[in-house]
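The values are calculated or read from the model by the stated rules, or taken from the named source; none is laboratory data. Please read these numbers as outputs of a predicted model, since none were measured by experiment. Ideal geometry is used to build each Cβ from the backbone, glycine not excepted, and the neighbour counts take in all protein chains shown. Ligands, DNA and RNA are excluded from the accessible area calculation, which covers all protein heavy atoms including side chains. Shrake-Rupley method; radii C 1.70, N 1.55, O 1.52, S 1.80 Å.
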Amino acid sequence: MTESAFEKIAPQLRLRAFEASRSCGATPSEAEDMAQETMLRLWQMRNNLHRYQSLEAVAAQTARRLTLNAKRRKPPLPIDSLTAVHASSSAGLPDEQLMELENERWLDRQLEQLPSTQHTLLYMRQVERRSTKEIARLTGLEEPSVRTLLSRARRTLFEKLKKREQNQ
């Protein structure tokens, strides 16, 4: 693709990359960064872009992957800070405080019911704020195994939460 042809299609591709990033949950400023990064990558690939049927699809897919990778690199919020955020949001109303306390107790019980490995890994990740690589090093597990066990623990808690909400 020539430089002038790339310049003509660039605004359309940039907009598509921005929209794709926003659809993955990026804030407007994050989406703007992802769109810029996408355009840089497309520029680097400009001599091979003729191979693709839809450049908009390439831009969107690139932006989605960049956005998801950026989200994965962000450190997770510790469980304690999440509790503090929720507690402060309902500080004034007694019935909301009671509900919040009940929810915290329910979550603690669910965490205790997780298999010990999943519970330990989730604790190390969320409370101690350790990276996946560090957890793997400390536990002797492979990184993919750590990610899988963390995913299973989160999925288990999510499924229990869905069931709980359906029953209420």
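Here are a few things to note about the model shown:
Here's the yes/no breakdown for (1) assigned to a helix (DSSP H, G or I); (2) of a type in the set (A, V, I, L, M, F, W, C); (3) at pLDDT below 90:
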site: MET1; (1), (2), (3): no, yes, yes
site: PHE6; (1), (2), (3): yes, yes, yes
site: LEU15; (1), (2), (3): yes, yes, no
site: ALA20; (1), (2), (3): yes, yes, no
site: ALA35; (1), (2), (3): yes, yes, no
site: ALA59; (1), (2), (3): yes, yes, no
site: ARG64; (1), (2), (3): yes, no, no
site: PRO75; (1), (2), (3): no, no, yes
site: GLN97; (1), (2), (3): yes, no, yes
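- Members of the range 1-28 that are open to solvent by less than 80 Å² (accessible area, probe 1.4 Å) and free of Cβ contacts under 8 Å to residues at least 40 places away in the same chain: SER4, ALA5, ALA10, THR27, PRO28
- Residue count for the range 131-141, restricted to those that are open to solvent by 70 Å² or more (accessible area, probe 1.4 Å) and under 14 Å from PRO75 (Cα atoms): 1.
- Yes/no for ARG51 being of a type in the set (D, E, K, R), within 15 Å of GLU3 (Cα to Cα) and open to solvent by 80 Å² or more (accessible area, probe 1.4 Å): no
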